[in-house]
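Here is the structure we will look at, set down as structure tokens.
The values are calculated or read from the model by the stated rules, or taken from the named source; none is laboratory data. None of these values were measured; they are calculated from a predicted model. Using ideal geometry, Cβ is built from the backbone for each residue, glycine included, and neighbour counts are taken over all protein chains shown. Ligands, DNA and RNA are stripped out before the accessible areas are found, and what is left, the full protein with its side chains, is counted by its heavy atoms. Shrake-Rupley method; radii C 1.70, N 1.55, O 1.52, S 1.80 Å.
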Amino acid sequence: QVQLVESGGGLVQTGDSLRLSCAASGGTFSSNFMAWFRRVPGKEREFVACISWSSARTAYADSVKGRFTISRKNDAIFLEMNSLRPEDTGIYYCAADRTPWHFGRTVDEYDYWGQGTQVTVSS
């Protein structure tokens, strides 16, 4: 049974940094994209960033481009978040696509999800 477990969330102030981690178990994603999504208050779950199996390809939402960096080591992914803003507050989810070599940026394209980790940025 595939499990994704996020960690690293917390309460920070505007301009601070956080690093999220996600570890996958019960399966291998050596040919698959993995991603971060978030649910901010009042909105649907939204794409943040994704990364290919080799880390050669990444993609970011416009709202985080230049501030967030996604990285990967085997079946673990990380999200380095810098210059955090109050609008980054939300629950951050790790996701994995079970279809090899498939690039996706929408919730429906990912099959496995973690429970989420809360990130709160105070002003």
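Might you let me know whether the range 99-118 holds any residue that is free of Cβ contacts under 8 Å to residues at least 12 places away in the same chain, open to solvent by 40 Å² or more (accessible area, probe 1.4 Å) and not polar (S, T, N, Q)? Walk me through it before giving the result.
Looking only at the range 99-118, we keep the residues that are free of Cβ contacts under 8 Å to residues at least 12 places away in the same chain, and these are 108.
With the extra rule that they be open to solvent by 40 Å² or more (accessible area, probe 1.4 Å), the set shrinks to 108.
After this cut, where a residue has to be not polar (S, T, N, Q) as well, the list is 108.
Scanning the range 99-118, I find at least one residue that is free of Cβ contacts under 8 Å to residues at least 12 places away in the same chain, open to solvent by 40 Å² or more (accessible area, probe 1.4 Å) and not polar (S, T, N, Q), so the answer is yes.
Got a sec? Which of ARG105, ARG19 is out of contact with any His (no Cβ under 8 Å at 6 or more places or on another chain) and either in a loop (DSSP other than H, G, I, E, B) or modelled with pLDDT under 95 (or both)?
On the way: ARG19 fails: either in a loop (DSSP other than H, G, I, E, B) or modelled with pLDDT under 95 (or both).
Checking each option against the conditions leaves just ARG105.
So which of ASP88, ASP111 is in contact with an Asp or Glu (Cβ under 8 Å, 6 or more places away or on another chain) and of a type in the set (D, E, K, R)? Even if it seems obvious, please write down each step before you answer.
Working: ASP88 fails: in contact with an Asp or Glu (Cβ under 8 Å, 6 or more places away or on another chain).
Result: ASP111 is the single residue among ASP88, ASP111 that is in contact with an Asp or Glu (Cβ under 8 Å, 6 or more places away or on another chain) and of a type in the set (D, E, K, R).
Considering only residues that are within 29 Å of GLY27 (Cα to Cα), open to solvent by 10 Å² or more (accessible area, probe 1.4 Å) and not in a strand (DSSP E or B), which ones fall in the range 62-97?
Within the range 62-97, ASN74, ASP75 qualify.
I'd like the full set of residues that are assigned to a strand (DSSP E or B) and within 15 Å of ASP75 (Cα to Cα), limited to the range 1-16. Full working, then the answer.
Step one: list which residues in the range 1-16 are assigned to a strand (DSSP E or B), which gives 3-7, 10-13.
GLN3, LEU4, VAL5, GLU6, SER7, listed by residue number.
Just name the residue that is least open to solvent (accessible area, probe 1.4 Å) out of those in the range 42-61 that are free of Cβ contacts under 8 Å to residues at least 12 places away in the same chain and under 16 Å from PHE29 (Cα atoms).
Restricting to residues being free of Cβ contacts under 8 Å to residues at least 12 places away in the same chain and under 16 Å from PHE29 (Cα atoms), the top hit is SER54.
Every residue, every condition in (1) of a type outside the set (Ser, Thr, Tyr); (2) under 11 Å from the mean Cα position of the chain (by Cα); (3) modelled with pLDDT of 95 or more, yes or no:
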{"residue": "GLY42", "(1), (2), (3)": "yes, no, no"}
{"residue": "ALA49", "(1), (2), (3)": "yes, yes, yes"}
{"residue": "ARG57", "(1), (2), (3)": "yes, no, no"}
{"residue": "ILE70", "(1), (2), (3)": "yes, yes, yes"}
{"residue": "LEU79", "(1), (2), (3)": "yes, yes, yes"}
{"residue": "LEU84", "(1), (2), (3)": "yes, no, yes"}
{"residue": "TRP113", "(1), (2), (3)": "yes, yes, yes"}
{"residue": "THR117", "(1), (2), (3)": "no, yes, yes"}
